[in-house]
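For reference, the structure is listed below as structure tokens.
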Amino acid sequence: MRRAVFNQKGGVGKTTITCNLAAISAHNDKRTLVIDLDPQGNSTQYLLGSVEQVCETTLVDYFEEQLYRTLEPQGLKACIHETLFERLDLAPSHPDLEYLAEKLESRHKMYKLKEALDSFSDYDCIYMDTPPALNFYTRSALIAANACLIPFDCDYLSRRALYVLLDIVNEVRRDHNSGLELEGIIVNQFQLTANLPKKIVSELLGEGLPVLDTYLSSSIKIRESREKALPLVYLAPRHKLTRQFQALYQELKS
């Protein structure tokens, strides 16, 4: 299964959801890969921490190969690194991805990631963290994915933006990837005692949108998790939010 975690808005939990679902997948004996397509490199920092600096190859090297025909191309596998967590690997980001995007798009390289992943047999699950923008890397991830997850904050601005996201997924499915499934909308930072989030989620469900049953609550533990570069299943396996992520993983697995 190849999943793209997608939202054009920043701060909605793409990295948190990507890394914690991937960590739970690996913890459940699945060979798992995270591909960090965001030039900000948040998933890279989350999973590698201070080890990040030792990565000699990143996704920049792979995408540069697609632009400039090298004599000895290494391919995507050469950019993949082990993390400190068993069965969890990472294709790390790099800030220079941002400067390559326009060249890659102008030369119609959006199918290259899909072609590379189609040749992979090493992994049970692949999670792709996308940038907070509809750019070359986001489209490449949606084209390469079997499924798409949309993190959703419970406010009316996010709700209006959600319909744009759904249109984008439908467009990619229609024009580029007929096998792309909208696996679900993930309600994130949900406040059970507040009326507005419950009202908005109820309205989305009333419209028949694929809101997943598991809601992720807010917790300071996420900040601690990211600062220590330890996904929750390793940092605090009994924490409420960890249990929510595990329930979400099981819901997706089914």
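Exactly one residue out of T130, T57, T70 is of a type in the set (S, T, Y) and at pLDDT 95 or above: that is T130.
Does the stretch 97-113 include one or more residues that are modelled with pLDDT of 95 or more and closer than 18 Å to T32 by Cβ? Yes, the stretch 97-113 has at least one match.
Checked against the criteria, L205 counts as more than 17 Å from the chain's Cα centre (by Cα), surrounded by 11 or more Cβ atoms within 10 Å (Cβ to Cβ) and in a helix (DSSP H, G or I). Among the residues here, Y62 does not qualify as touching a Lys or Arg at 6+ places or on another chain (Cβ under 7 Å), of a type in the set (F, W, Y) and crowded, with 17+ Cβ neighbours inside 10 Å. Scan the stretch 114-128 and give yes if some residue there is without any contact (Cβ under 8 Å) to a residue 40 or more places away in the chain and in contact with a helix residue (DSSP H, G or I) (Cβ under 7 Å, 6 or more places away or on another chain), otherwise no. There is no residue in the stretch 114-128 that is without any contact (Cβ under 8 Å) to a residue 40 or more places away in the chain and in contact with a helix residue (DSSP H, G or I) (Cβ under 7 Å, 6 or more places away or on another chain). Under the condition of being assigned to a helix (DSSP H, G or I) and loosely packed, with under 15 Cβ neighbours inside 10 Å, the residues counted in the stretch 170-185 number 4. Residues of the stretch 101-125 that are part of a loop (DSSP other than H, G, I, E, B) and on the phi < 0 side of the Ramachandran plot: R107, K109, M110, Y111, S119, F120, S121, D122, Y123, D124. The C-beta contact set for the stretch 79-104 (first residue under 14 Å from N135 (Cβ atoms), second residue buried (at least 19 other Cβ atoms within 10 Å of the Cβ) and charged (D, E, K, R), distance under 6 angstrom, 6+ apart or interchain) comprises S93/D36; S93/D38. Select from the stretch 228-254 the residues that are among the basic types (K, R) and outside any helix (DSSP H, G or I) and write down the one among them that is nearest to Y46 (Cα to Cα). It comes out as K228.
Scan the stretch 208-227 residue by residue and report those that are of a type outside the set (S, T, Y), part of a loop (DSSP other than H, G, I, E, B) and either within 21 Å of L252 (Cα to Cα) or in contact with a Phe, Trp or Tyr (Cβ under 9 Å, 6 or more places away or on another chain) (or both). If the condition is that a residue be of a type outside the set (S, T, Y), part of a loop (DSSP other than H, G, I, E, B) and either within 21 Å of L252 (Cα to Cα) or in contact with a Phe, Trp or Tyr (Cβ under 9 Å, 6 or more places away or on another chain) (or both), then G208, L209, P210, L212, D213, L216 are the ones that fit. Among residues that are among the hydrophobic types (A, V, I, L, M, F, W, C) and closer than 20 Å to E98 by Cα, A144 is included. The single condition from (1) assigned to a helix (DSSP H, G or I); (2) at pLDDT 95 or above; (3) surrounded by fewer than 22 Cβ atoms within 10 Å (Cβ to Cβ) that E86 fails is (1).
Taking every residue in the stretch 146-172 that is closer than 20 Å to T16 by Cβ and pairing it with any residue that is among the polar types (S, T, N, Q) and surrounded by fewer than 16 Cβ atoms within 10 Å (Cβ to Cβ), at least 6 positions away or on another chain, yields no pair with a Cβ-Cβ distance below 7 Å. Has the stretch 186-198 got at least one residue that is in contact with a strand residue (DSSP E or B) (Cβ under 9 Å, 6 or more places away or on another chain), assigned to a strand (DSSP E or B) and of a type outside the set (V, I, T)? Looking for residues that are in contact with a strand residue (DSSP E or B) (Cβ under 9 Å, 6 or more places away or on another chain), assigned to a strand (DSSP E or B) and of a type outside the set (V, I, T), one finds at least one in the stretch 186-198, hence yes.
Taken together, the criteria place G49 among residues that are in contact (Cβ under 8 Å) with a residue 12 or more places away in the chain and surrounded by fewer than 18 Cβ atoms within 10 Å (Cβ to Cβ). There is at least one residue in the stretch 40-61 that is in a helix (DSSP H, G or I), touching a helix residue (DSSP H, G or I) at 6+ places or on another chain (Cβ under 7 Å), acidic (D, E) and closer than 23 Å to Y111 by Cα.
The values are calculated or read from the model by the stated rules, or taken from the named source; none is laboratory data. All figures in this text were calculated on a predicted structure; none of them were measured in a lab. All Cβ positions, even for glycine, are placed from backbone atoms using ideal geometry, and neighbour counts span all protein chains on display.
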